[in-house]
Structures are given as C-alpha cells and as structure tokens.
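> Below you'll find the structure I mean.
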Amino acid sequence: MIVNEKIKASEVQLTGIDGEDLGIVSTQEALAMAKKLKVDLVCTSLYQSPPPCKLVGKGQAKEEKASAKKRERAAKVKEIRLTPHIEDHDYDTKKHQCEKILRAGDAVQLVIRLSNSKEGDKAKKLLQELINDLKEAGVKETGIQVSGKQVAVKLNSKG
C-alpha cells in the first residue's frame, strides 16, 4: 500500500472520502487536496494506468493494511480427536472447540480412532452429526474418509 508522497505516478484516478469519483487528476493536485482535507492519499493498485487512489482518514490506511494482513494469514489445520463412544458433555465440549477454531478462520480435521471394525458405522454417524451441528461455522472440504483404524473429515472456516 503506497501512501502520500511515495506515489510516483504523474496522474491518478482519484476517489473522494465518501467514495465519489473525482476523475483523473495530477498527483500534486491530489496530494494538495489530501493535505487541505487533513487525510491520506492511498494508492490501491499499481497494475492500472493511471493508478486508482483514494482519500482516507489519517491512520485509517494503516488500520486497513493491518486488517488485510490478518485476512491474508494462511489457515492452520487443527486436529480434534474423538472416540466413537463419546458422552454428551464431551461431545458438546469438542463441538465448542471446533466452533471456536472455525470462527477464528482455521480449518479443523476431525479424527475418530477405531479400536475394532464394528465401530466404523457409529463413527461415521457421529461425524455426520458433528458436521450438521457445525454447518453455520464451517463447510466440509472432504467427505468422511474411513481408512483402517480411523475415520476422518476436514472442515474449513466459512469466514
């Protein structure tokens, strides 16, 4: 994000404080307007000619940059382990953990370890129930996968 005097283009496509289009103006004129209004001139893209710039309140540009950086952060995958014979209270605790992780923007890998082959169907039903309970916070990336001694599914954050 390029701000104020660091903008090197001779002219810019200017947008006002309230989002109104001010047309193509010289960079010097845009900087003078920004100083007069006590705001920053921020270049939003370098891939266009003339570059689009907008007038934003002092310090607001830094806040936007920080929030954009936060959104860019790569999502981590956190694993939550369960058993097919989970009690209601434990199920609720795991569900709340998953919701918290998904709302933070990370992904969740739900894994159920199986002790024998007869638990597979019960584990699949449990995961399906958990997916349904978490549908407001996350979306299923993979189907429910049964492989050997475990059943797993990955959920991504909606936000």
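The values are calculated or read from the model by the stated rules, or taken from the named source; none is laboratory data. This is a predicted model, so every value here is computed, not measured. Counting neighbours? That spans all protein chains shown, and the Cβs are built from the backbone with ideal geometry, glycine included. Surface accessibility is based on the protein's heavy atoms, side chains included, excluding ligands, DNA and RNA. Shrake-Rupley method; radii C 1.70, N 1.55, O 1.52, S 1.80 Å.
> Would you check if Lys69 is open to solvent by 80 Å² or more (accessible area, probe 1.4 Å), in a helix (DSSP H, G or I) and modelled with pLDDT of 90 or more? I'd like the intermediate steps shown before the answer.
Working: open to solvent by 80 Å² or more (accessible area, probe 1.4 Å): yes; in a helix (DSSP H, G or I): yes; modelled with pLDDT of 90 or more: no.
No, not satisfied.
> On to the next question. Would you pick out the residues in the range 1-55 that are surrounded by fewer than 17 Cβ atoms within 10 Å (Cβ to Cβ) and basic (Lys, Arg)?
Residues satisfying the conditions are Lys6, Lys8, Lys35, Lys36, Lys38.
Each row is one residue, and each column tells you yes or no for (1) under 16 Å from Glu136 (Cβ atoms); (2) surrounded by 17 or more Cβ atoms within 10 Å (Cβ to Cβ).
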| site | (1), (2) |
| --- | --- |
| Asp88 | no, no |
| Tyr91 | no, no |
| Lys100 | yes, no |
| Lys124 | no, yes |
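> Residues to consider are Glu129, Glu141, Glu119; find the one that is farther than 15 Å from Lys78 by Cα, touching a residue at least 24 places away in the same chain (Cβ under 8 Å) and of a type outside the set (Val, Ile, Thr).
Result: Glu119 is the single residue among Glu129, Glu141, Glu119 that is farther than 15 Å from Lys78 by Cα, touching a residue at least 24 places away in the same chain (Cβ under 8 Å) and of a type outside the set (Val, Ile, Thr).
> OK, next. Could you run through the range 110-158 and say how many residues are more than 13 Å from Glu99 (Cα to Cα) and in a helix (DSSP H, G or I)?
Residues in the range 110-158 being more than 13 Å from Glu99 (Cα to Cα) and in a helix (DSSP H, G or I): 13 in total.
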